[in-house]
Amino acid sequence: MIGMDETNYENDLYDGGYLDTFRTLDFSSAVVKGRELNYSSGIWDLVSIDLSFNQLTGVIPEEIAALDALINLNLSWNQLSGTIPNNLGALQALESLDLSRNMLSGRIPPSLSDLTYLSYLDLSDNNLTGRIPSGRQLDTLYTQEPSMYSGNSGLCGLPLPISCLGKNATRQDDQKSNEHSFEPMTFYFGLALGFILGLWVVFCALLFKRAWRTAYFCMIDKTYDQMYVFAVLTWKSWARKGTTN
């Protein structure tokens, strides 16, 4: 897969004592030959893999999550397809992940939010779909680099301006809908509580203010008299009209 003699290169690494060099693989300028480099030992010590700007095809193997010492993984600018492995969250030491400009599809694994040391993430220009997962680390990253999800027309949710609908609704969308939704129980409870408090305030004022109490009952008596007179006159008027007819 790489434009070099695999056997000689492997022997030089181990016989020449270049294990430290092998810890970082940078094949960004390599030429695809359609073959693979196979290493039987030392692979678990890798801290950085950069295979960007190649013509790599196929899927990202889930076995890559076994490289628990990996700090940097750059597979950008290739032709990788399939989905992002769900177990990438197992790479707890990972600080930089670049899978941009491939043909990856499917959803973004929620396990990426478990990468507490992740300080750089780029998933732009793929065919990813669904809701963008949230999490303390991911939320911090998109405030620093909001373009890391761009170029994926099927993605929705923050930080993109596209809101999710239905099963793809994000937590932020759910919170916004709940904020603007009408809750009858809360409304009626607040109404009843306000009515009771208002009555209590009026009762206390009448109880401790004699002048207010006297004026209040005088107003009640006057209102009652007016309503009584109005009712009697109205009744007599209707009765008179009925007799005339």
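The values are calculated or read from the model by the stated rules, or taken from the named source; none is laboratory data. All figures in this text were calculated on a predicted structure; none of them were measured in a lab. Here Cβ is always computed from backbone atoms with ideal geometry, including for glycine, and neighbour counts include all displayed protein chains. Surface accessibility is based on the protein's heavy atoms, side chains included, excluding ligands, DNA and RNA. Shrake-Rupley method; radii C 1.70, N 1.55, O 1.52, S 1.80 Å.
How would TYR117, TYR142, TYR216 rank on accessible area, largest to smallest, probe 1.4 Å?
TYR117, TYR216, TYR142
Give a residue-ordered list of calculated ³J(HN,Hα) values for the range 126-140 (Karplus: 6.51 cos²θ - 1.76 cosθ + 1.60, θ = phi - 60°; whole Hz; x for Gly, Pro).
10, 10, 6, 9, x, 7, 6, x, 10, x, 4, 6, 5, 5, 5
Once R0 is set to 45 Å, what does the formula 1/(1 + (r/R0)^6) return for the Cβ-Cβ distance between PHE230 and TYR188, expressed as a FRET efficiency to the nearest 0.05?
Given R0 = 45 Å and the Cβ-Cβ separation, E is 0.85.
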